[in-house]
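See structure below.
The values are calculated or read from the model by the stated rules, or taken from the named source; none is laboratory data. As the structure is a computational prediction, the values presented were derived from the model and not from experiment. Please note: Cβ atoms are built from the backbone with ideal geometry, for glycine as well, and neighbour counts cover all protein chains shown.
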Amino acid sequence: MSNLYDCIIIGGGPSGLAAGIYSARARLKTILFEKGSFGGQISITDEIANYPGFFEEEEEGRHPKNLINKMIAQAKKFGAEIEHKEVVDVKLDGKVKEVKTSDGTVYQSKVVIIATGAQPRKLGCKGELEYTGKGVSYCATCDANFFEGLEVFCIGGGDTAVEEAMYLSKFARKVTLIVRKDYVRCANSIEEKAKANPKVEIKFRTELLELKGDGIVESAIFLNNETGETYEYKADENDGTFGVFIFVGYVPLTKLFEGKVEMKDGYIITDEEMKTNVEGVFACGDLRPKMLKQVITATADGAIAAISANKYIEEKYSE
Ligand code: NAP
């Protein structure tokens with residue numbers, strides 16, 4: 001099989017997969033690369049409740065992996081190649097683009113669609129990295145069951161933190177939401193539910209400074225940023241540990257493209273047609289600055305990117 005494609009898509013989250021569906025359906029010879037889990041951030045979500053048309057009653061039916069598997073099958077059905085490979089280098093200037101994968105293969109294409117998404121932001125407190133997987137987690141769906149009957153702290157005051165605190169309350173004995181401001185900035189309906197949940201306590205004006213323990217989280221130092229007081233929370237003797245779930249936003253995964261396409265604060269700048277400042281290079285999904293980062297906006301971006309890419313190829317390659 002030749003390594004010359006019409007369209008190379010980097011990233012297999014909802015936006016990349018939607019781009020794959022639209023690109024392949026437009027009869028572009030399309031290949032998509034994903035280095036980790038297909039689905040991007042939704043692969044670490046428990047449930048998708050607000051994606052239109054995706055509301056099967058069965059618990060299993062609502063699981064994001066079903067939506068992603070359907071997207072993969074749909075893209076393949078239209079002829080897209082889907083590869084589980086890491087992209088390690090890109091050459092985006094020039095009419096023909098080059099994408100190199102970790103096995104050393106170089107793929108060429110007429111257009112590149114960047115859909116590498118974003119990942120959870122680190123909090124930056126002492127002990128965070130050391131205790132990741134040993135009490136610290138960024139994914140309630142993945143790790144909530146490890147904290148069955150234990151105490152859990154959720155750090156952050158956005159939609160994710162509050163929603164995941166509610167989810168964690170199904171497992172944990174108690175969930176304390178640690179919010180650095182004196183208010184949460186999530187949808188009112190979610191805030192009301194959290195406040196009505198007897199297992200969820202919200203501590204405002206509070207920051208996590210440090211985690212300590214002997215190979216596993218055993219204590220945490222918090223700061224009350226209103227009074228300046230710090231205090232230590234120690235795991236209950238019978239429990240020996242507790243959970244710390246960090247939900248403080250996301251950072252775009254765009255390092256590979258630094259200096260190659262225009263960015264602001266790591267987010268790739270595009271116009272409404274998902275065009276970057278480089279001809280033949282498009283970007284879609286959570287790596288763009290935008291007001292609403294949801295599956296629906298990611299898939300919409302992906303569709304627009306693929307249609308723009310097709311238009312670009314028709315214009316550029318019929319000259
Ligand atoms: P977010 O809206 O950026 O909120 C991040 C939260 O973390 C804020 O409360 C922020 O506090 C806090 N934070 C950031 N850095 C911190 C630090 N170093 N220490 C302590 N706290 C820190 O992120 P998100 O909640 O993940 O949401 C991302 C996007 O997805 C948003 O647009 C959100 O609306 C959307 N979303 C929607 C839904 C839904 O509609 N169901 C669900 C999940 C996510 P400050 O306020 O002090 O900055």
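Within region 16-39, does at least one residue satisfy the condition of being polar (S, T, N, Q) and modelled with pLDDT of 95 or more?
Yes, because at least one residue in region 16-39 is polar (S, T, N, Q) and modelled with pLDDT of 95 or more.
Selection of region 101-130 for residues being within 14 Å of Lys35 (Cβ to Cβ), loosely packed, with under 15 Cβ neighbours inside 10 Å and not hydroxyl-bearing (Ser, Thr, Tyr) yields only Asp103. In region 264-287, which residues are within 20 Å of the chain's Cα centre (by Cα), surrounded by 21 or more Cβ atoms within 10 Å (Cβ to Cβ) and not hydroxyl-bearing (Ser, Thr, Tyr)? Ile268, Met274, Phe282, Ala283, Cys284, Gly285, Asp286, Leu287, listed by residue number. Scanning region 282-319 for residues that are of a type in the set (A, V, I, L, M) and touching an Asp or Glu at 6+ places or on another chain (Cβ under 9 Å) yields Ala283, Ala298, Ile304, Ala305, Ile307, Ala309, Ile313. When you check Glu258 against the structure, is it exposed (fewer than 14 other Cβ atoms within 10 Å of the Cβ), away from the ligand (no atom under 13 Å from the Cβ) and over 20 Å from the mean Cα position of the chain (by Cα), yes or no? No: the conditions fail for Glu258.
Taking strands (runs of 3 or more DSSP E) as the structural unit, those lying wholly within region 176-283 and holding at least 2 residues that are among the β-branched types (Val, Ile, Thr) correspond to 200-203, 243-246.
When the residues of region 40-54 are filtered to those that are part of a loop (DSSP other than H, G, I, E, B) and at pLDDT 75 or above, which remaining residue is surrounded by the fewest Cβ atoms within 10 Å (Cβ to Cβ)? The qualifying residue surrounded by the fewest Cβ atoms within 10 Å (Cβ to Cβ) is Gly53. For beta carbons closer than 8 Å, sequence separation of 6+ or different chains, a first residue in region 290-314 that is modelled with pLDDT under 95 and part of a helix (DSSP H, G or I) and a second that is among the aliphatic types (A, V, I, L, M) and away from the ligand (no atom under 14 Å from the Cβ), the qualifying pairs are Val295/Leu67.
Considering each residue of region 187-200 in turn, at least one proves to be surrounded by 15 or more Cβ atoms within 10 Å (Cβ to Cβ), near the ligand (Cβ under 10 Å from one of its atoms) and either within 23 Å of the chain's Cα centre (by Cα) or without any contact (Cβ under 8 Å) to a residue 12 or more places away in the chain (or both). Which ones in region 201-251 are at positive phi and either within 13 Å of the ligand (Cβ to nearest atom) or surrounded by 15 or more Cβ atoms within 10 Å (Cβ to Cβ) (or both)? Correct list: Arg205, Gly213, Gly249.
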